[in-house]
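The values are calculated or read from the model by the stated rules, or taken from the named source; none is laboratory data. Everything quoted here is computed from the prediction, not taken from an experiment. Ideal geometry is used to build each Cβ from the backbone, glycine not excepted, and the neighbour counts take in all protein chains shown. The area values use the complete protein model at the heavy-atom level, side chains included, leaving out ligands, DNA and RNA. Shrake-Rupley method; radii C 1.70, N 1.55, O 1.52, S 1.80 Å.
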Amino acid sequence: MVAEMSDIKDESRLDSVGLKALELMQQVIEKKMRLQELIKAGSINLAKSRYIMGNRNVSVSQLPTEDSVPFWALRKVENSYSNENGIKTPVFTLLVNQPLKKTKSVEANVSEGCTEDTRPSSDPLHWFGVLVPQNMRVAQEAFKKAVDLSIEIANLQSHLEALRIEFCALKFEKMKLT
Amino acid sequence: MALHSAAKGKLIAVIGDEDTCVGFLLGGVGEINKNRQPNFMVVDRNTSISEIEECFKRFVKRDDIDIILINQNVAEMVRHCIDSHTQPVPAVLEIPSKDHPYDASKDSILRRAKGMFNPDDV
C-alpha cells in the first residue's frame, strides 16, 4: 500500500517535471525569436550607420584588439546558485557598470592607483568616432536589450537542464521499480 | 571605490559574425583583460573550424566567463564541441544572426531536452 502511494507520487512528480520542461522549452524558443528580432533591428541600424559613415568606419577594424589598452566590460553577469530539488542550478543576474567619463579626478585615479587590469571603460560608441549617427545609438539600445534577453534565456536554459537531470533520475527510479 | 566595484562580475563572451560582434560589443559586453585576452571572436569566411574550436575551448576554460553567445551557424561548425559541453557554467547560448534565422531543431539544449520524451535520443 505504502509502495503504491510512493509510486503514484513519483509518477505525478514525473508528469509535473515533464510538463514544466515543455513549458520552459516553449519559453526558450519564444525568447530566442524575440532575440532574433532585436538582433535584426540592431543589424539594420548598423547597416544604416555604415551607409552614413562609410563601410570601413563600422566594422571589425574599429573594435579593440589584443594590442589595445585593457578595459572592463560595461555589462557583466553575477552568478549565484539555487538548489532545486537537490540539483545545483546557476542563476545569472545582470551587472551594469556605467561608462566612466574622463573627468580630471578619474584621469588622476587611472594614472595613479589603477593598474592595467583596472582601467575603466568608456562608452563603446566612442570606438566609432565622436559624432556617431542616431542609427548607431538605436542599434546600441537594441543590442543592450539583446544582452538582457540573453541572460534571461541563459537562466531558462539552466533551469531546463536541471529539470532534464531530475526527469532522467525519476525515470530511472521508475524503471528500477518495474 | 567606484573603480574597484566596476571590476566585479563575470563576462559574456561572443563568437560570431562581424555584425553580431560589433553589435554585442556596442552593447557593452566587450573586455580586454590584463593578459590582453579579448572575450570575443569575429568569424568570417577565412576563419577555420579549428580556430573556432580552439577559441570555444579557451572560453570554456576561462573562469571569468559565465555565458558564451555563439551564432547558430557557427555553432553548427563546431557542433561536437558544443554537444560535449554539459557543464552549467559557462552557459552556451546559440543565437541567431541577421543571415541565419534561429532553428530550434538544431539547438543543442533543446535537442537534449527533447530527448527526455524520446527514449531513442537519450
Here the residues within the range B:63-122 that are of a type outside the set (Lys, Arg), part of a helix (DSSP H, G or I) and more than 11 Å from every other protein chain (Cβ to nearest Cβ) are B:Asn73, B:Val74, B:Ala75, B:Glu76, B:Met77, B:His80, B:Cys81, B:Ile82, B:Asp83, B:Ser84
Name, by its number, the condition in (1) at pLDDT below 80; (2) open to solvent by less than 20 Å² (accessible area, probe 1.4 Å); (3) among the hydroxyl-bearing types (Ser, Thr, Tyr); (4) farther than 29 Å from B:Lys34 by Cβ that does not hold for A:Thr178. (2)
If B:Ile32 satisfies all but one of (1) within 20 Å of A:Thr89 (Cα to Cα); (2) without any contact (Cβ under 8 Å) to a residue 12 or more places away in the chain; (3) hydrophobic (A, V, I, L, M, F, W, C), what's the number of the condition it fails? (1)
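If you check A:Ser61, A:Ser82, which single one turns out to be in contact with a strand residue (DSSP E or B) (Cβ under 9 Å, 6 or more places away or on another chain), more than 7 Å from chain B (Cβ to nearest Cβ) and of a type in the set (Gly, Ala, Ser)? Give the steps one after another, and end with the answer.
On the way: A:Ser61 fails: in contact with a strand residue (DSSP E or B) (Cβ under 9 Å, 6 or more places away or on another chain).
Residue meeting the stated conditions: A:Ser82.
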Report yes if A:Val28 is aliphatic (A, V, I, L, M), more than 7 Å from chain B (Cβ to nearest Cβ) and farther than 18 Å from A:Lys144 by Cα, otherwise no. no
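Residue-by-condition table, conditions (1) surrounded by fewer than 18 Cβ atoms within 10 Å (Cβ to Cβ); (2) of a type in the set (Phe, Trp, Tyr):
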residue	(1), (2)
B:Phe24	no, yes
B:Ile32	no, no
B:Ile49	yes, no
B:Ile82	no, no
B:Ser97	no, no
B:Ala104	yes, no
B:Gly16 - would you say it is of a type in the set (Gly, Ala, Ser) and either open to solvent by 60 Å² or more (accessible area, probe 1.4 Å) or under 12 Å from the mean Cα position of the chain (by Cα) (or both)? yes
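Determine if the range A:22-39 includes at least one residue that is over 25 Å from the mean Cα position of the chain (by Cα), in contact (Cβ under 8 Å) with a residue 40 or more places away in the chain and open to solvent by 70 Å² or more (accessible area, probe 1.4 Å). Steps first, answer last, please.
From the range A:22-39, those over 25 Å from the mean Cα position of the chain (by Cα) are none; that's our starting set.
No, the range A:22-39 has no match at all.
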Being open to solvent by less than 30 Å² (accessible area, probe 1.4 Å) and part of a loop (DSSP other than H, G, I, E, B) is the filter here; which residues of the range B:34-46 pass it? B:Asn39, B:Val43
